[in-house]
Amino acid sequence: MRYERPATIEDVTALLASGGEKSFVLAGGTDLLVRMKNDAFEADLIVDIKAIEGMSDVTRTADGFEIGAAVPCAALGENAELSRVWPGVVEAANLIGSTQIQGRCTISGNLCNASPAADSVPAMVAAGALARIAGPDGRRTVPVQDIPQGPGKTSLRKGEFIEAIVLPDPGPRSGDAYLRFIPRTEMDIAVVGVGVQLTLAEDGSIASARVALGAVGPKVIEATEAAETIIGTRLDQPALDALAAVCSEVSTPIADKRGTVDFRKQVVGVLAARAAKIAYQRAGED
Amino acid sequence: MSLDTTYQGRNFRSVGTRPLRPDGVDKVTGRARYGADFNMPGQLVARILRSPHAHARIVRIDTSRAEALKGVKAVVTAADLPDLTEGDQGLFNTLENCMARTEVLYDGHAVAAVAAIDARVAKQALKLIEVEYEVLPHVTDVDMAARPDAPKANGTAPNIAKQTEFGHGDVDAGFARADVIVERSFLTEQTHQGYIEPHACVASCNSDGTAEMWVCTQGHFVYRQTCASLLGLDVSKLRVTSSEIGGGFGGKTHVWAEPVALALSRKAGRPVKLVMSREEVFRASGPTSATSIDVKIGATKDGRITAATAHLRYSNGPYADGWAEMGAMTSFACYDLENVKTVGSEILVNRPKVAAYRAPSAPMAAFAVESAVDELAQKLGIDPVEFRIQNAASEGTRSSYGPVYGPIGIGPTLEAAKAHDHMKAPLGPNQGRGMACGFWFNFGGQTCTDLNINADGTVTLAVGTVDVGGSRASLSLIAAEELGIDYKDVKAVVADTATLGYNDMTDGSRGTFSSSMATISAARNAIEVMRQRAALIWDIPVEDIDWEDGHAVARGENYGNLPPLSVADIAAEAGTTGGPIAGHSEIVADGAGVSFATHICDVEVDPETGSTRIKRYTVIQDAGKAVHPSYVEGQYQGGAAQGIGWALNEEYVYGEDGRLQNPGFLDYRIPVCSDLPMIDTQILEIPNPNHPYGVRGVGETSIVPPLAAIANAISNAVGVRMTHIPMSPPRILAALDREKAG
Ligand SMILES: Cc1cc2nc3c(=O)[nH]c(=O)nc-3n(C[C@H](O)[C@H](O)[C@H](O)COP(=O)(O)OP(=O)(O)OC[C@H]3O[C@@H](n4cnc5c(N)ncnc54)[C@H](O)[C@@H]3O)c2cc1C
């Protein structure tokens, strides 16, 4: 196994392009190293991206935030400006694992690990986040939901990696929230996760909304039909009921050791309504 | 000198205080040596190849490619562990469980093992071992296995392997007299002890036919006995040293990989270190039974139970042991019943061989019985605590499993519960309160202890019961108490098998009970020697010397001006008065007093997700005498914490293929700190009449009531009777939906 710690993005893409089938980017390593220790596979090449300048920075741009691919989730929580603008994304990132894990893990790693239960991903999808990809043939930017393709699979091509996550500014009267269901109080994997982002019209009704569901399908579900049920409403009970019902309907979970199909379908609706209420309140205070 | 073990009552000076434990600093600084911390020069690393099938015939094993790999020093299969068990079925089961012989009987059953120069080579070697299996039908579910058409779990043995019965009176007549009868069936899923430290050992077989082993165990003498028998060694030739232990809870009372490590070392001629991974711990060691229990209880309108029955089916893994039998014995032990009958059925399944887990088998039986008792009280409109008080066993009651009780704590723990603040605290929305009782036998057994008086008058206490919960501190307190010296002048160690006589293992809550009895006896013997030495020093008759407050005191006017001799004074003269001073004790500690507890629990259930939080929890238990109250409280809290995990989330999940789906702490969910409230404790002290200080075992009973207490609390919170443990969110939500659907 080869371990490399290059200093530039170009070196990363070159290494990944020339590496064997089992070549991996190493960000926090909280998925990768655990899997290697469990003998899931033997790696040919590990490319550590933490030595690249700027890769560990959160940058405020004219129209949003850029979160470098090596930024640990703990740093997101410590960024007051980001936490104010995107509380839901930050709370999702700060649900991952424990204090120790958050000192290492990244939202890019969470996305590229392509687990259906990844916590930060529904929050990012609801936020309209973009992934900026660097590759041997240059750069491209895609919505984050285009990255995961199913458990453990991504749309990244040979030699490509994510250099940053871009969070566009949501505009005034906006709020987001993320809730997950776990059987314990912490150190658990989401059985269901829901991210909601809302922007209100001046009259307080919902002007736009995005809803994303985690752990209820092979990859994150952007539930556009669910979002539509609350647009134009003030999130009264019928709107919440409709939101919950559509979220349950569009979910395609499996039954496994973590939960049954019925349970997941039911709870995804419950959490969607609860997350929407939090986002609505935050938008109202914005 | 033989020990008078009757309770004498006394004003304790050391017992009942809370000094720091002697092993504490090492543990919090990381210096304590656990199983995996032991290393020897030239040691090899062992890895075990395990069955991917729940049940299969081993057609062929070819280890030649693994043996040829550079760095591999030994490969063993069942052929290297010949059957020396001479018809002892229990021992044969142990042997076969350590290494499959003709069939693999569960997912994770060992089939071969390698010892190599490092872990990488050992892992590579496992991949080179070829095993051809003929897959056989399997059964993992306890109720499925009990059906007549079920596949047989182990050879031709019937899956309902054994049946036992307990009780007295005429239950039919009793039910005929009942005004109200509750009859229900209950299920509990299989759980693991969940100790944090995986099994670990270093085994070293020498060319002269002797062997040594350093191992994490609850009973090194028992491990020595078992390993010597399985490997054909004289007991004297195998020396076993126990490490510090990162939890056992019964799971380290049985050998798993230790005989394999010895066989590898014997073949390789080098020390071999074997450490199980967490996945191996889950797949191949431990667990307790899954159960299916039918309970029926009848009572008169005024709240007197007239009859009670239970049929308990316990999964045993592939071998018949006595797990249902213990469930059948304990189920109604809290009550004074005229007519009672319990039947225990041992059920064979293709899951790991069941091991003891803290008050083994009692929590599931208590769940079923205490749930039914609660429901009966509700139907009768009687307060559940009152109803239990009315029917509680007391001194002189003939227990449901046979013996007649002496003074016992069930009534007092119930009265304490009734009077407790917790019972009166207001409940919020979606909250419910539950309570339940529990019983455990406790055990005494063979015990041997040495108490050495050192040259400076300090004391070294060598005990043979592994310290799983602070017993070195407790036994030091006992020695200090009996000798009349300070706790700080006593140092207790756990001696290895070559330096002390045989000791049963630390199980059955016996560690402090039995070793304290032996320590008192050893101390009294040492005092006897010190009186004789004082007689020589003073040149007066020994009959004229008393032992008071750690000193030899000359009695009577004649000697009034002789200053008392301290232990140090006497020890200083040992060389001229007859040599080293010590007290020894070899006993069978009889009369372990039975133990009872009552638990109270408040829960809050989210009716939309089925999620339960424990809001408040109180443990009330009889300790006989709490030698070190902090560690008694620790036992109470620990048992409750494990019970909470069992009640809410822990379970073995098997797939259709008979393979364990969740062999890790991510999906086998023991509670994390934030899942638990501070667990309040109340220690009652009803002296055990058979122990000089009144001590009873305290380690196990605390895990007996939680399943039922929490089930009763949840049932009260949601208004639906919960009958399936764990009460995980999907199960609670499904139960609520069923109720809504009518
Ligand atoms: C104890 C524990 C608890 C956990 N709890 C949670 C939890 O609550 N919720 C949750 O969602 N997850 C949890 N996880 C999983 C893990 O921590 C997260 O998925 C984390 O976000 C992964 O980030 P990382 O930087 O450590 O990824 P890494 O392990 O470094 O990488 C993960 C995968 O993504 C690839 N990768 C990483 N960065 C990039 C990139 N920039 N471009 C392309 N590919 C990349 C890697 O090659 C690898 O395949 C937990 C893990 C542990 C060990």
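The values are calculated or read from the model by the stated rules, or taken from the named source; none is laboratory data. Please read all numbers here as calculations on a predicted model, not as lab measurements. Cβ sites come from the backbone with ideal geometry, for glycine too, and all protein chains shown count toward neighbours. Heavy atoms of the whole protein, side chains included, go into the accessibility calculation; ligands, DNA and RNA do not. Shrake-Rupley method; radii C 1.70, N 1.55, O 1.52, S 1.80 Å.
List of remarks:
- Pairs from B:K27/B:K252; A:K37/A:K153; B:K418/B:K740; B:K70/B:K152; B:K152/B:K252; B:K252/B:K491 whose Cα-Cα separation, in the structure shown, is over 31 Å: B:K418/B:K740; B:K70/B:K152
- Whole-Å distance, taken between Cα centres, linking the range B:527-561 and the range B:587-651: 48 Å
- 10 Å Cβ neighbours from other chains, averaged over peptide A:183-191: 6
- Helix runs (DSSP H) in chain B reaching 24 Å along axis by Cα, Kyte-Doolittle at least 1.0: none
- Given a 1.4 Å probe and the protein chains as shown, B:I670 ends up with an accessible area of around 40 Å².
- Where B:F92, B:F221 fall by accessible area, highest first, once all protein chains stay in place (1.4 Å): B:F92, B:F221
- Unit charges on C-beta of K, R, D, E only; dipole of the protein assembly as shown, Debye: 1460 debye
- Sorting B:E258, B:E280 on solvent-accessible area from highest to lowest, probe radius 1.4 Å, gives B:E280, B:E258.
- Backbone N atoms of the range B:232-264 closer than 15 Å to the 7 Å Cα→Cβ label point of B:K27 belong to residues B:243-249.
- The length gained on full extension between B:V235 and B:E543, counted as 0.36 nm times the residue separation minus their Cα-Cα distance, comes to 106.6 nm.
- Point-to-point label distance, B:D294-B:E134, nm (Cα→Cβ direction, 7 Å offset): 3.8 nm
- Size check on the range A:2-168: the Cα extents along the three principal axes, sorted descending, read 42, 34, 28 Å.
- The orientation-averaged projected area of the convex hull spanned by the Cα atoms of the range A:174-285 comes to 6.6 nm².
- Measuring nothing but alpha carbons in chain B and taking Rh as the Kirkwood radius, the Rg to Rh ratio lands at 1.00.
- Accessible surface of chain A, 1.4 Å probe: 51 percent of it comes from carbon and sulfur atoms.
- Length released on extending from A:T141 to A:S83, taking residue separation times 0.36 nm less the Cα-Cα span: 18.5 nm
- In a fully extended conformation the segment linking B:A498 and B:A568 would gain 22.3 nm over its present Cα-Cα distance, using 0.36 nm per residue.
- Think of chain A as a dipole: +1 on every Lys or Arg Cβ, -1 on every Asp or Glu Cβ, centred on the Cα centre; then among A:I9, A:V125, A:A27, A:A27 lies furthest on the positive end.
- Rounded to the nearest 20 debye, dipole of chain B from Cβ charges on Lys, Arg, Asp, Glu: 1740 debye
- Only protein heavy atoms count here; on that basis, with a 1.4 Å probe, B:D507 has an accessible area of about 50 Å².
- Shown are B:F367, B:F38, whose ranking by accessible area with a 1.4 Å probe and every protein chain present, most to least, is B:F38, B:F367.
- Only protein heavy atoms count here; under a 1.4 Å probe, A:R210 has an accessible surface of about 80 Å².
- Net dipole in debye of the range B:1-119 [+1 Lys, Arg Cβ; -1 Asp, Glu Cβ; about Cα centre; nearest 20]: 680 debye
- Projecting label points 7 angstrom from Cα along Cα→Cβ for B:E279 and A:T8 puts them 4.1 nm apart.
- Site-free segments of chain A were taken between GluC sites (Glu not before Pro) in DSSP loops having at most 16 other Cβ atoms within 10 Å, sites themselves excluded; the longest one is A:54-185.
- Degrees, to the nearest 10: A:237-250 long Cα axis against longest axis of chain A: 40 degrees
- Between 0 and 90°, nearest 10: helix A:261-285 axis offset from chain A longest Cα axis: 80 degrees
- Partner shielding of B:129-141 amounts to 0, given as the average count of beta-carbon atoms from other chains within 10 Å of each residue beta-carbon.
- For the protein assembly as shown, the Rg and Dmax computed from alpha carbons only, in angstrom: 32.1, 108
- Averaged over peptide A:29-41, the number of partner chain Cβ atoms lying within 10 Å of each residue's Cβ comes to 1.
- Summed buried accessible surface, chains A and B, 1.4 Å probe, nearest 100 Å²: 1900 Å²
- Percent of Cα-Cα distances greater than 22 Å, calculated over the range B:398-537: 56 percent
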